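Following: one structure in structure tokens, then a few remarks.
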There are 2 protein chains.
Amino acid sequence: MNTKAKGTNAERELVHMFWKANFACFRAAGSGSTKYPCPDLIVGNNIRKLAIEVKISGKEYQHLTKKEIDELKQFSTMFGAEPWIAVKFDEWFFLNPEDINETELNYSITGEIAQRKGLSFNDLINF
Amino acid sequence: MNTKAKGTNAERELVHMFWKANFACFRAAGSGSTKYPCPDLIVGNNIRKLAIEVKISGKEYQHLTKKEIDELKQFSTMFGAEPWIAVKFDEWFFLNPEDINETELNYSITGEIAQRKGLSFNDLINF
């Protein structure tokens, strides 16, 4: 399976998880190919709205560019949503972009960092 | 241009209009092909969230199915968004699904009904 198909499958996995947890959720069309900032997923219920960038490409670490993080923050501010980065190692972790230190980590998230700084899916939906 | 491409172009036109009006907006991936209810567009700012079903296929009238309207309402309730139906005749009109009378109109919206019951784009964003 190529990287793009893997990414789409990972996003679909999260879509199912959110619906099962009573959050409406869908994938954005052309995320990464429009001129506007756009997250991979939008999630919501009557109380909360989440904009999520999904990263599953690496095995040892997930690499994020400054542009991806900036656009996630920009979209979230404008739309009125919490910005989250979803990374999958053995399980899913959800990180707040503010918790990722650019200079320290160069936006490369290891499994250890994800566990230390991230929330599990259950923690996220009960946050 | 086929109907699907026309629909995509119409959705993109609205995406541009909303960003220009300082609303974040994007198109859903696979709207109509997932097992979950999903609008064509999601729009938001810090105050409002809109879920929009876009209809541009007909010249004389825009036809909506009961399933489309039910799913739009279902998604909007769950996500926490205002449900809107966007139809384009000479210009765009935005209708509240509650304002469309199934028995009277059989969910077929004429230009006359759109003008009488719908909001213009400017009315919608200042609603």
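Determine the shape class of the protein assembly as shown: with a ≥ b ≥ c the square roots of the Cα gyration tensor eigenvalues, call it rounded for a/c under 1.5, and otherwise prolate if a/b is greater than b/c, oblate otherwise. Each step should come with its number before you reach the end.
Details: a/c = 2.19, a/b = 2.09, b/c = 1.05.
It is prolate, given that a/c is not under 1.5 and a/b is the larger ratio.
Legend: mean number of C-beta atoms from other chains within 10 angstrom of residue C-beta atoms, peptide B:80-88, equals 1. When the square roots of the Cα gyration tensor eigenvalues are ordered a ≥ b ≥ c, the ratio a/c for segment A:1-82 is 1.5 or more and a/b does not exceed b/c, which makes its shape oblate.
Sorted from shortest to longest, the distances between the A:Thr110 label points of this copy and the other copies are 7.0 nm, with each point 7 Å from Cα along the line through the beta carbon.
Taking 30 Å as the limit for the C-alpha separation, the pairs A:Lys35/A:Lys88; A:Lys117/B:Lys20; A:Lys35/A:Lys55; A:Lys59/B:Lys73 exceed it in the case of A:Lys117/B:Lys20; A:Lys59/B:Lys73.
Under the rule a/c < 1.5 gives rounded, and otherwise a/b versus b/c splits prolate from oblate, where does segment B:59-127 land using the Cα gyration tensor? Write out the running numbers ahead of the final one.
On the way: a/c = 2.05, a/b = 1.13, b/c = 1.80.
Oblate shape, in that a/c is at least 1.5 and b/c is the bigger or equal ratio.
Residues of segment A:63-93 with the amide nitrogen closer than 18 Å to a label point 7 Å from the Cα of B:Asn22, along Cα-to-Cβ, please. In segment A:63-93, the label zone of B:Asn22 (backbone N under 18 Å from the point 7 Å along Cα→Cβ) covers A:74-81.
Give the average, rounded to an integer, of partner chain Cβ atoms located within 10 angstrom of each Cβ in B:17-28.
Average per residue, whole number: 5.
Within segment B:1-86, the trypsin sites (Lys or Arg not before Pro) that combine a DSSP coil assignment with at most 12 other C-beta atoms in a 10 angstrom radius are B:Lys35, B:Lys59. Averaged over the residues of peptide B:49-56, the number of Cβ atoms from other protein chains lying within 10 Å of each residue's Cβ is 1.
In deg cm²/dmol, rounded to 500, what helix-only [θ] at 222 nm does the protein assembly as shown give when every DSSP H run of at least 4 residues adds -39500 (n - 2.57) and the total is split over its residues? Intermediate results must be reported in sequence, preceding the final value.
Values: 10 runs with 96 residues, N = 254.
After summing the helix terms and dividing by residue count, I get -11000 deg cm²/dmol.
Measuring from the axis that maps chain B onto chain A, the chain B residue with the nearest beta carbon and its rounded distance in angstrom come out as B:Ala29, 2. Around the amide H of A:Leu50, modelled in the peptide plane, lie the amide H atoms of A:Val43, A:Gly44, A:Glu82, all under 5 Å away and 5 or more residues distant in sequence or on another chain. Of all beta bridges that DSSP places with both ends in chain B, some 75 percent have antiparallel geometry. Along chain A, the exposed loop sites are GluC sites (Glu not before Pro) outside DSSP states H, G, I, E and B with at most 16 other Cβ atoms within 10 Å, and the longest stretch free of them is A:1-59.
Sorted shortest first, the distances from the B:Ile47 label point to those of the same residue in the other copies are 2.5 nm; each point sits 7 Å from Cα along Cα-to-Cβ. In this label model, A:Lys59 and B:Thr34 are separated by 3.0 nm, measuring between points 7 Å along each Cα→Cβ vector.
Inter-copy label distances at B:Asn22, using a point 7 Å along Cα-to-Cβ, come to 3.6 nm with the shortest given first.
About its Cα centre, the dipole of the protein assembly as shown is roughly 460 debye, where the only charges are +1 on Lys and Arg Cβ and -1 on Asp and Glu Cβ. A simple spin-label model places pseudo-atoms 7 Å from Cα toward Cβ; at A:Asn9 and A:Ile47 they are separated by 3.5 nm. Between the listed residues B:Phe26, B:Tyr61, B:Ala51, the Cα displaced farthest toward the positive end of the dipole of chain B, a dipole computed from Cβ unit charges relative to the Cα centre, is found at B:Phe26.
Computed from the coordinates by the stated procedures, all read-outs in this text should not be read as laboratory data. Just so we're clear, the structure is a prediction, and the values are computed from it rather than from any experiment. FYI the Cβ positions are ideal-geometry reconstructions off the backbone, even for glycines, and counts take in every protein chain you see.
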